[in-house]
1. Only one of THR135, THR175 is in a helix (DSSP H, G or I) and among the polar types (S, T, N, Q). Can you tell me which?
2. Counting just the residues of the range 322-336 that are surrounded by fewer than 21 Cβ atoms within 10 Å (Cβ to Cβ) and within 18 Å of GLU204 (Cβ to Cβ), which one comes out farthest from the chain's Cα centre (by Cα)?
3. Could you please tell me which pairs satisfy a Cβ distance under 7 Å, a separation of 6+ or placement on different chains, a first residue in the range 385-396 that is in the same structural domain as MET336 (by TED's automatic domain parsing) and aliphatic (A, V, I, L, M), and a second residue that is crowded, with 21+ Cβ neighbours inside 10 Å and part of a strand (DSSP E or B)?
4. Identify all residues within the range 359-377 that are over 24 Å from ALA258 (Cα atoms) and surrounded by 14 or more Cβ atoms within 10 Å (Cβ to Cβ); write none if there are none.
5. Return only the number of the condition from (1) in the same structural domain as LYS46 (by TED's automatic domain parsing); (2) part of a loop (DSSP other than H, G, I, E, B); (3) closer than 30 Å to THR285 by Cβ that ASP197 does not satisfy.
6. Suppose the filter is under 30 Å from LEU379 (Cα atoms) and either more than 18 Å from the chain's Cα centre (by Cα) or in a helix (DSSP H, G or I) (or both); does ALA213 pass it?
7. Output the residues belonging to the range 61-78 that are over 18 Å from GLY111 (Cα atoms) and not β-branched (Val, Ile, Thr).
8. So which residues in the range 93-129 are hydrophobic (A, V, I, L, M, F, W, C) and out of contact with any Leu (no Cβ under 7 Å at 6 or more places or on another chain)?
Amino acid sequence: MGSDSSLESAVSAKIPGDSLMADARIDRILGAVRNHLGVEIAFVSKYDGGIRELTHVSSDLDLPMGPGHREPVEDGYCWHVLQGNLPELIQDPADYPMTQNMAVTHMLPVGCHLNVPLRLSDGTVYGSFCALSRTPDRSMTERDIGVLRAFATLASEQIEGDIERDMRRSSLQDTIGKLITGNSLTIFHQPIHHLADNRSAGVECLARFPDAALRGPDCWFDEADEVGLGVELEMLAVRSALATLPYVPAGHYVSINASPATIISGALEQALGNHDGEQLVIEVTEHQEVTDFTALAKALRRISPKARIAIDDVGAGYAGLRHIVDLEPSILKLDMSLTRDIHRDPARRALASALVSFSQQIGCSLVAEGIECVEERDLMADLGITYGQGYFYSRPLPVVASQQFLLGAGCSDDDQNKGKVSTAAKASIKLGEMRLRA
């Protein structure tokens with residue numbers, strides 16, 4: 001289990017790309033204001049209690065303050081404009097006694113000043129949007145204030161989106177962090193069978209979260225990636241899956257999912273320790289696109305003495321056939337989109353047949369995912385696919401129910417060809433389905 005400090009490090013180590021893009025958009029808005037009005041400086045500031053902080057500054061000048069500069073609100077023009085003490089357009093600070101006595105007037109110096117408040121959609125004042133030159137400009141008019149106000153509206157919309165994203169990110173970090181530190185994740189097993197005789201062969205470990213009735217686990221993993229906790233959450237799932245090994249009968253393998261990022265991080269290799277390379281299978285998932293196949297291949301080679309390698313979603317995922325060869329897998333898992341209604345679709349049959357030939361050439365076993373009927377199972381078996389997985393055999397089951405299912409799945413070929421299972425297996429399926437509904 002990761003500590004609170006390690007979770008904080010994982011989050012802080014990742015600078016969200018959307019925040020950088022949001023900053024760039026506001027900078028472009030400020031640049032457009034400067035070009036349109038012909039001023040030397042444009043900036044956005046926010047109010048935090050009695051303090052004003054500059055968040056974005058656009059200028060070609062070497063200024064004494066930049067983004068992050070903080071000062072009491074009363075030290076700048078902007079707050080006094082908001083309070084009605086100064087107008088939004090100041091063509092020359094010499095026209096107003098208040099501005100003549102302010103330090104900033106002489107420090108920059110301020111010549112011409114245009115300012116409007118930045119308001120959020122609920123009317124809340126976030127801060128101010130300001131443009132200024134260092135020399136007076138009597139040509140500026142209320143029309144220019146209208147232009148400034150239009151650009152300020154664009155900036156306000158961007159800022160409000162940033163605030164909403166920050167609130168969402170903070171909420172996700174809190175929720176996912178608590179789940180990780182609390183080990184609030186459950187592992188289910190979905191049985192995998194030999195297609196030739198329907199004997200059980202292994203299980204795939206599947207993560208289930210507290211809100212499983214409302215949404216799938218992919219939502220949790222995607223959100224964890226979004227806030228920099230993807231590897232931490234996956235490693236919780238890996239550790240939880242490894243803890244279920246004693247419940248898997250001898251002679252069966254256990255497949256555990258891991259994304260390329262988690263594999264490359266080295267955390268998975270460390271967690272596997274000295275596990276048996278025959279019993280364990282690491283299933284490379286596609287939660288995110290692979291950006292460095294060379295690094296992934298090197299990491300998988302380090303893992304291969306401890307676990308066989310499987311590639312998930314072949315036929316629909318990120319990996320082309322050349323990349324699959326480079327990763328040196330032992331097992332390929334056909335995506336369920338190829339399995340569905342394959343007995344009715346010649347194109348699916350042709351593609352599956354080609355993948356059978358490909359797998360034989362590179363020495364891999366094939367697992368057909370998503371088998372839901374006997375016709376799909378029979379056709380996959382006829383094509384020479386080794387293993388099958390899907391609701392035809394069993395839904396994902398709680399670990400103990402899965403153990404009972406595997407122990408009771410030794411019924412005769414005749415019964416299994418009729419879609420039947422043993423009494424013990426039926427009981428375990430019913431138990432698992434009851435727990436799924438609970």
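1. Numbers: THR135 fails: in a helix (DSSP H, G or I).
Unique residue meeting the criteria: THR175.
2. SER330
3. What qualifies is ILE385/LEU366; ILE385/ALA368.
4. GLU372, CYS373, VAL374, GLU375, GLU376, ARG377
5. (1)
6. No.
7. Within the range 61-78, the subset over 18 Å from GLY111 (Cα atoms) is 66-74.
Residues satisfying the conditions are GLY66, PRO67, GLY68, HIS69, ARG70, GLU71, PRO72, GLU74.
8. From the range 93-129, those hydrophobic (A, V, I, L, M, F, W, C) are 94, 98, 102-104, 107-108, 110, 112, 114, 116, 118, 120, 125, 129; that's our starting set.
Within the range 93-129, ALA94, MET102, ALA103, VAL104, MET107, LEU108, LEU118, LEU120 meet the criteria.
The values are calculated or read from the model by the stated rules, or taken from the named source; none is laboratory data. A quick note: this is a predicted structure, and the numbers were derived from the prediction, not measured. Positions of Cβ are backbone-derived with ideal geometry, glycine not excepted, and every protein chain shown enters the neighbour counts.
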